[in-house]
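Where a number appears in this text, it was derived from the coordinates with a stated rule and is not lab data. These numbers were taken from a predicted model, which means no experiment stands behind them. Cβ placement follows ideal geometry from the backbone for every residue including glycine, while neighbour counts extend to all protein chains displayed.
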Amino acid sequence: MSGKNNNTRVSSRSKRKSRLSHKRWFWFICLSILILSAYIVPYVFLGDIARITASFLYWTLFAVLAIFFTIRIIKNWSD
């Protein structure tokens, strides 16, 4: 009985790790897109705007999202 119980525990643990791995990849891709936007948005979309408030708003949102995505990636780091 304990062998079957042990296999079930290992199986559920590997499924959980796989699910966490997929979640981490999703958040990693989101963070990568955000970092790519750090190069595209200021030069393409904000280049013609003379007011500094647009740039300030963008970089504030960028920082908040980068922190959020990073926390989501490392949330279950010990698993």
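Just a few scattered comments:
- Segment 16-79 - charge dipole about Cα centre, Lys and Arg +1 at Cβ, Asp and Glu -1, debye rounded to 20: 500
- Multiplying the residue separation of residue 63 and residue 40 by 0.36 nm and subtracting their alpha-carbon distance yields 6.7 nm.
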